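Step one of this worksheet: look at the structure below.
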Amino acid sequence: MEKVFKFSNKSIVFSIILVLVSLIISVSIGAAEISTDEIVGIFLREILGYQSNTEINNINKIIILEWRLPRFCLGFLVGASLAIAGCGFQGVFKNPLADPFLLGSAAGAGLGVTLVIVNDLNYSFGIINSVQLGAFIGALGAVICAAFISISAGKSIASLLLAGIATAAFLTACQTYLMHKYYSSMQEIYSWIIGRLLTSGWEDVITILPYFTVCFIIIFLFRKELDLLRLSEDEAKMLGGNPRRTYFIVLTASSLLTAVAVSLSGLIAFVGLVIPHILRLTVSSSYRIIIPLSALVGGSFLTIADTFSRTVISPSELPIGIVTAFIGAPFFAFLLKASKGSF
Amino acid sequence: MSYSAKNLSVFKDNKNIINEISFDFPSGSYVSIIGPNGAGKTTLLKTLAGLLDFKGSLLINNVDSDELFKYSNKNNCAYVPQNISIPEGMSLIEYVLLGRNSYTNWFLSEDKKDYEIVEKALNKLNLQTKKNQMVKTLSGGEMQRATLSRALAQEANLLLLDEPTSSLDFAKTNEFYDLIIQLKKDLKLTIFFSTHDINSISKYSEYVIVLKKGKKIFSGKINEILNEVFLSELYETKLNKIITEDGYPLFY
């Protein structure tokens, strides 16, 4: 019998092409016009170590290697993180509308950043600044808070969902109050909320990489357990699954991924919700397939959106959250229509 | 080999749902669990499946089942709940392959042997031609066969079915019972089966456990309870009995 859970050739080829296209677009398009020959020359000489006769301008080399390439890598890792976290949340909550911000991480991160900005806390902890730290602590703190409320309310997955909604509502109220009280900081806070990928080089990439690697491996290892959760909890247990362990570990890894992504890029909506959805509609509904493909497609999607965000009104930047929704929403609506209720 | 319980009690929110039940049935038996609504039928099945904590002991061939569950895995036992989940976007073959989950590990997926077992299970239930169909599009009867097929893929020898015919029409119900009997014979399965369908179990079942308000009223050969006085008392309503042409009792 032919293997059932396998990546189709089409999906592999498409994902690889998408990653390559997003890489090419990201490094070749920008405010500074750099010729294709020069970009290829920089890649050949500086990254792959080949000899190249192309004349390379030093400024252009810095733009490619120290600005566009790290920004591509950061965008890719943030997009992949949000998409994988989206898979984790949708799998655990058995709800295709679940997104990585469901347990209050967005509201928590928003409050954390607001507190840092309104109190003018401009510190730096190694390669992490105070805004990133505020967002990370806020996002993770909100999820932990929701988890504690849920534990006291019966430990069910439904109570966790409701606790997440209550926590998010409370933290958003706190943040809104602070934004009104410190009116002058509103624009700075708002620009962070909408999400942006600003990077000062490879430091942010190095920050997110270990979290991404560990959490991706953990969530991927739980791919079969997430498929079992598509049945009832009792059936999953009888088929050798351990739903409680899966809830705990997958939600922890997903929340950690979300917190790191949010701390580096602000609140980029839509990627975590829609990428797993699109793959479910077009490739497979099994988490064995969706999780790895989400990483590739989510990462590519965000880097393409980022290229739009920094070129559409160049030299200014459009917040990336606007671009992800602007590109993704119509495409998603088209797919939903095309699926004709099969989903 | 035998399946037995000694002083089995189950509590939920400090309420006694199953109250000191004991029984003993030989392996390969077809045991129906009957009783009015709220008698504890589903709770008993879930307890046998190892899904609920209990006091007392469950013995499989005189060995404590806690030990069995601890040192082997739960493959020995397949439980089909009353409300089967029908996952979106899952094909029948994917659904049945879930039965092989316990045989795979964190890193490796199903191998050739797993696929052969699944193929065999689908053939046994006449579902081979529908293997690529989405489970959502299967009829009620086909879905019941799909769950049985998954149970066979588990290579379980104890089958626990919670009111599996409640959503089937007359013809499909009879087909389902015939199928269960055939599987029991072919694969030497032991079956515990909760139901309200007294007329069918009088024809198909060998043993019965009668529950009322969490207590065992009777356990043993089914013939002993097939009288209108006992069943009227059990369900607290007037029941009459006639004997059909093929010799089975019919209650109405």
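The values are calculated or read from the model by the stated rules, or taken from the named source; none is laboratory data. Everything numeric in this text was worked out from a predicted model, so none of it was measured. For neighbour counting, all protein chains shown are included, and Cβ atoms are generated from backbone atoms with ideal geometry for every residue, glycine included.
Return yes or no: is A:Ser255 over 25 Å from A:Val19 (Cβ atoms), assigned to a helix (DSSP H, G or I), touching a residue at least 12 places away in the same chain (Cβ under 8 Å) and under 18 Å from the mean Cα position of the chain (by Cα)? Step through it out loud before you land on a result.
On the way: over 25 Å from A:Val19 (Cβ atoms): yes; assigned to a helix (DSSP H, G or I): yes; touching a residue at least 12 places away in the same chain (Cβ under 8 Å): yes; under 18 Å from the mean Cα position of the chain (by Cα): yes.
Judged against the criteria, A:Ser255 is a match.
Which condition from (1) modelled with pLDDT under 90; (2) in a helix (DSSP H, G or I); (3) small (Gly, Ala, Ser); (4) under 23 Å from A:Leu221 (Cβ atoms) is the one that B:Gly141 breaks?
Going through (1) modelled with pLDDT under 90; (2) in a helix (DSSP H, G or I); (3) small (Gly, Ala, Ser); (4) under 23 Å from A:Leu221 (Cβ atoms) one by one, B:Gly141 breaks only (4).
So how many residues does the stretch A:94-104 have that are at positive phi and surrounded by 24 or more Cβ atoms within 10 Å (Cβ to Cβ)?
1
Assess whether A:Met238 counts as being closer than 17 Å to A:Gly134 by Cβ and assigned by TED's automatic domain parsing to the domain that holds A:Phe136.
no
Take the residues in the stretch B:11-59 that are more than 18 Å from B:Ile191 (Cα to Cα) and touching a helix residue (DSSP H, G or I) at 6+ places or on another chain (Cβ under 6 Å), then tell me which one is nearest to the other protein chains (Cβ to nearest Cβ).
So, considering only residues that are more than 18 Å from B:Ile191 (Cα to Cα) and touching a helix residue (DSSP H, G or I) at 6+ places or on another chain (Cβ under 6 Å), the one nearest to the other protein chains (Cβ to nearest Cβ) is B:Leu52.
Since A:Arg244 meets every condition but one in (1) within 12 Å of another protein chain (Cβ to nearest Cβ); (2) more than 30 Å from A:Leu198 (Cα to Cα), which condition does it not meet?
Failing condition for A:Arg244: (1).
How many residues are of a type in the set (Ser, Thr, Tyr) and in contact (Cβ under 8 Å) with a residue 24 or more places away in the chain if we restrict to the stretch B:212-252? If you could, list the steps in order and put the result at the bottom.
From the stretch B:212-252, those of a type in the set (Ser, Thr, Tyr) are B:219, B:232, B:235, B:237, B:244, B:248, B:252; that's our starting set.
Subsequent filtering for residues that are in contact (Cβ under 8 Å) with a residue 24 or more places away in the chain retains B:219, B:235, B:248.
Result for the stretch B:212-252: 3.
Residue check: is B:Phe176 surrounded by 17 or more Cβ atoms within 10 Å (Cβ to Cβ), at pLDDT 90 or above and not hydroxyl-bearing (Ser, Thr, Tyr)?
Against the criterion (surrounded by 17 or more Cβ atoms within 10 Å (Cβ to Cβ), at pLDDT 90 or above and not hydroxyl-bearing (Ser, Thr, Tyr)), B:Phe176 does not qualify.
So, in the stretch A:286-316, of the ones that are touching a residue at least 24 places away in the same chain (Cβ under 8 Å) and of a type in the set (S, T, N, Q), which residue ends up surrounded by the most Cβ atoms within 10 Å (Cβ to Cβ)?
A:Ser294
So which residues in the stretch B:82-100 are at pLDDT 90 or above and either over 25 Å from B:Leu168 (Cα atoms) or at the interface with chain A (Cβ under 7 Å from one of its Cβ atoms) (or both), if there are any at all?
B:Pro87, B:Met90, B:Ile93, B:Glu94, B:Leu97, B:Leu98, B:Gly99, B:Arg100
Can you confirm whether the stretch B:24-33 contains a residue that is farther than 30 Å from B:Glu224 by Cβ and surrounded by fewer than 22 Cβ atoms within 10 Å (Cβ to Cβ)?
No: zero hits.
Across the stretch B:104-121, what is the number of residues that are of a type in the set (A, V, I, L, M) and within 8 Å of chain A (Cβ to nearest Cβ)?
Matching residues across the stretch B:104-121 total 1.
Against the condition out of contact with any Gly (no Cβ under 7 Å at 6 or more places or on another chain), crowded, with 18+ Cβ neighbours inside 10 Å, not hydrophobic (A, V, I, L, M, F, W, C) and not in a loop (DSSP other than H, G, I, E, B), how does B:Lys185 come out, does it pass?
No, not satisfied.
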